[in-house]
Amino acid sequence: MPRLVVLTKKQGFDSVLELLSLLHDLSASRNMRILSDMSFGIADSFSYGSRRIEKVMEYINHNFSKNISLTEASRIASMTDISFSRFFKARTGRTFIDTVNEIRLGQASRMLIDTTHNITEVGYKCGFNNISNFNRIFRKKKNCTPKEFRDAYNSYGTRAFI
């Protein structure tokens, strides 16, 4: 059962102690569920050890809501489709499509938490042109539907630590 915390304005060292107490409670909590994965955050700061991959990742992060093709990514990397596909998998450990979907799911997770858009709208705004596909991929990667994800976040109140 979550502990109800009533915050009063603390001054000086008391505020530091209150923060440390809150952080301790969070670290010791056994009633936690992960609402997001690494794709939730901005991937711009991550280095792939390749300028080509970094240019493609930047393109994906800025255009996730649009149709992104392997051919377009290959063109950005100045490679053929097949060469780029192999190169991308070798550098990132994931296929190009899986990476695009991870970024889109990260953005969808953020939108499900931060907005009141309906789930269909979130799917379309994140680049999924088929809601069935959005729901299927979301369930496969997050082990819950977008609605269950939103409800899980909302059940923790207006603030949650992710």
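Each reported figure results from applying straightforward, stated rules to the coordinates on display, with no laboratory input. Because the structure is predicted, anything quoted here is derived from the model rather than measured. No Cβ is skipped: glycine too gets one built from the backbone with ideal geometry, and neighbour counts run over all protein chains shown.
Between VAL16 and ILE97, the simple spin-label model (points 7 angstrom out along Cα→Cβ) gives 5.4 nm.
Each 10 Å bin from zero holds the following percent of Cα-Cα pairs in segment 45-137: 16, 47, 28, 9, 0. As a rough guide to protection, the peptides 89-98, 67-76 ranked by mean Cβ packing within 10 Å, highest first, stand as 67-76, 89-98.
Bridging of LYS147 to lysines at a Cα separation below 18 Å is possible for LYS125, once same-chain residues fewer than 8 apart are set aside.
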